[in-house]
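The values are calculated or read from the model by the stated rules, or taken from the named source; none is laboratory data. Just so it is clear, the model here is predicted, and its values are computed rather than measured. When we count neighbours, we look across all protein chains shown, and the Cβ atoms used for this are built from the backbone with ideal geometry, even at glycine. Quick note on the areas: whole protein, heavy atoms, side chains included, nothing else; ligands and nucleic acids left out. Shrake-Rupley method; radii C 1.70, N 1.55, O 1.52, S 1.80 Å.
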Amino acid sequence: MKVGKIIKVSGPLVVAEGIPEAKMFDVVRVSEHKLIGEIIEIRDDLASIQVYEETTGLGPGEPVYSTGLPLSVELGPGLIEAIYDGIQRPLNAIAAKAGDRITRGIEVNALPRDKKWDFTPKLTEGTMVSPGDILGVVQETVPVEHRIMVPPGISGRLIEIKSGSFTVEETIARVETSEGIKDLTMLQRWPVRRGRPYQEKLGPQEQLKTGQRIIDTFFPVAKGGTAAIPGPFGSGKTVVQHQLAKWADAEIIVYVGCGERGNEMTDVLMEFPELKDPITGEPLMKRTVLIANTSDMPVAAREASIYTGITIAEYFRDMGYNVAIMADSTSRWAEALREISGRMEEMPGEEGYPAYLGSRLADFYERAGRVTCVGSPHREGTITAIGAVSPPGGDMSEPVTQNTLRIVKVFWGLDSSLAYRRHFPAINWLLSYSLYNERLEDYFRAQVSEEFIELRRNAMRILQEEAELEEIVRLVGVDALSAKDQLTMETARSIREDYLHQNAFHEVDTYTSVQKQYALLRLVMGFNQVGLAMLESGASVREIFALPVREAIARAKYIPEDELDKVNKIYEELMSYAKRIPAGGEANV
């Protein structure tokens, strides 16, 4: 290893001199403790290093060893169900080796070297291969088939391919290239700051179903899209992120806890192995990779955790999977940027954040998308990036939120006033938006119905009308409104309480399929339709509000998915009231 010398220590920032052939983003080992660091600035013979471990006790004169390689992740079988820290050290293996706390300088392989995987080849000897071609498969877990691909930069004739059980370091194939024969293993390494190659980037076309009614109905996100969840403390960001990780119909979930409280990550670690995936029936952990970088871990490692997560997501995307990455929260990641930038004495931007905050956020979100993958057979993969933002005091005008909103296409704005009223998810329907609504209309027509698009437009119109009428109600009371406006207010209340309110901890209400969402929304909006017809026939508002079917409407969201015909029967009962209205006469309630 090439050796330099520490001349300055400032928290997680170490300045060293004399590192031979130092390059930006090279990984170095700092001091005799061999702490992991990364070169982030070079001036003449001085290299600034952000250290991803605790630097207490370091001093000038101690050695710095350069590896000459960029910060990279290990990719191969063993990723699924793994729990890593921000620089891809497996926490389970560290706990077994050193106890509950991460020992400084500890070295553990990200992927187990002793475990054997059953490799089934998909190509035959003599085949010409190029980067991205699928050599064979490993059934990593019941729902996940791990596709072993030819690494980037290798092409030629396949002269040998084996079948059987191998570790990730054992040779499974040999390729004759223009530079000689290359041995291929199931293990790949990839630098985290560089996006993995793809053939073509495509526009998103399909909805990422989340099972959350307010999201899927009003503010959908597309597979390959980007979304942000900003909100003040206590408004439910983490619960929404957990719900999306549990129920989104992505095939692989990468959950990055970036600077979050340890108990929140513990919830994930405890819940996911217990919860059953609604698609496969297997535990959710069987398709999940967790990166746990809690608030008590060194601040610099937060910055790496986001890149570690998105690189692992790209690897599974390259296999042809739909991947969703949850980053909770990008505000903590930005705080790490701010701290390192301050210690490097860079010119600060707004609120002390570095001037390059926007471009760094864009680097992360731009790696999401729907792509045609490199290699054969032909396949498409997607990465959907969903980032939580924690603006101090709920101030949406602060730099991290504003820079995020310039990049993402979906904004789920959490509202503390809704959270105080115990309305969850506390997504404010008047602040939030989705730029995928029009793009996904054809998808909704094909998958649900034309009526669903019309129903959600009318429901949103009623919610907006309610907001306008609320000012009048506060001044003169609801009884001063016209009968039609009173019906609008009551329908809006039903949309909020009977449709948008969703209990994340109720075994039925926690997840709602799009078909059930359509049935429930048709039911709630059907009440408005029947109410208008009854008003025209001379019925009073009181009679409409007292319809016996209203209690069934309120309880309909608790009807299980396999009993949707019960929701349709309630709808038929509701519509029967409209049929009882004689022409020109009063309603027969």
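Which of the listed residues, Pro63, Ile159, Ile252, is farthest toward the dipole's positive end in the chain, when Lys, Arg count +1 and Asp, Glu count -1 at the beta-carbon?
It is Ile159, whose Cα lies furthest towards the positive end.
Treat every Asp and Glu Cβ in the chain as -1 and every Lys and Arg Cβ as +1, leave all other atoms uncharged, and give the resulting dipole magnitude about the Cα centre to the nearest 20 debye. Mind showing how you got there, number by number?
Details: 66 positive and 85 negative charges, 103 e Å.
I would put it at about 500 debye.
Which of the GluC sites (Glu not before Pro) found in the range 470-524 are in a DSSP loop and have at most 15 neighbouring Cβ atoms, other than their own, within 10 Å? Can you show the working numbers first?
On the way: sites: Glu470, Glu471, Glu490, Glu497, Glu507; in loops: Glu507.
Here the GluC sites (Glu not before Pro) that fit, given the DSSP loop and packing criteria, are Glu507.
Which whole-number value in Å² is the accessible area per residue of the chain, probe 1.4 Å?
Values: 24210 Å² over 589 residues.
Using a 1.4 Å probe on heavy atoms only, each residue of the chain averages 41 Å².
Using a 7 Å offset from the Cα along the Cα-to-Cβ direction at both Arg406 and Ser295, what is the distance between the two label points in nm, to one decimal?
Placing both labels 7 Å beyond Cα along the Cβ direction yields 2.8 nm.
Which distance in Å, rounded to a whole number, links the C-alpha centroids of the range 132-148 and the range 41-60?
Using only Cα atoms, the two centres lie 40 Å from each other.
For Lys209, which lysines qualify as cross-link partners when the Cα separation must be under 28 Å and same-chain residues fewer than eight apart are set aside?
Cα-Cα hits under 28 Å: Lys201, Lys223, Lys237, Lys246, Lys276, Lys286, Lys409, Lys516, Lys557, Lys566, Lys569.
With an 8 Å Cα cut-off and a minimum separation of 6 or more residues, compute the relative contact order for the range 317-452 in percent.
Details: 166 pairs, mean separation 33.9, N = 136.
Across the range 317-452, relative contact order equals 25 percent.
Given a 1.4 Å probe and the protein chains all in place, what does the accessible area of Ser165 round to, in Å² to the nearest 10?
The value for Ser165 is about 60 Å².
When the helices in the chain are scored as -39500 (n - 2.57) per DSSP H run of 4 or longer and the sum is shared across all residues, what 222 nm value do you end up with, to the nearest 500 deg cm²/dmol?
Working: 16 runs with 186 residues, N = 589.
For the chain, the value works out to -9500 deg cm²/dmol.
Report the net charge of residues surrounding Arg367, where surrounding means a beta-carbon distance below 13 angstrom and charges are Lys +1, Arg +1, Asp -1, Glu -1. Intermediate values should be presented prior to the final figure.
Values: positive: Arg193, Arg194, Arg196, Lys201, Arg317, Arg360, Arg370; negative: Glu314, Asp318, Asp363, Glu366.
Within the 13 Å Cβ shell, the charges total +3.
Given a 1.4 Å probe and every protein chain left where it sits, what share in percent of the accessible area of the chain is carbon and sulfur? Before the final figure, lay out the partial values.
Values: 11930 of 24210 Å².
In the chain, the share of accessible area belonging to carbon and sulfur is 49 percent.
Helices from the chain with mean Kyte-Doolittle at least 0.0 and a Cα length along the axis of 30 Å or more, per DSSP H: which?
Span-like helices, by this rule, are 514-536.
Within a Cβ distance under 14 Å of Pro298, other residues only, what is the Lys/Arg minus Asp/Glu net charge? Walk me through the numbers on the way to the answer.
Values: positive: Arg89, Arg101, Arg104, Arg302, Arg332, Arg343; negative: Glu38, Glu53, Glu54, Asp85, Asp296, Glu303, Glu335, Glu339.
Neighbourhood net charge equals -2.
With an 8 Å Cα cut-off and a minimum separation of 6 or more residues, compute the relative contact order for the chain in percent. Working shown, then result.
Working: 1260 pairs, mean separation 74.4, N = 589.
Reported as a whole number, the value is 13 percent.
Looking at the chain, which longest stretch skips every one of the chymotrypsin sites (Phe, Trp or Tyr not before Pro) that is in a DSSP loop with at most 12 other Cβ atoms within 10 Å, leaving the sites themselves out?
234-504
Lys/Arg Cβ at +1, Asp/Glu Cβ at -1, dipole of the chain taken about the Cα centre: which of Thr488, Leu418, Thr171 is farthest positive-ward?
In the chain, that residue is Thr171.
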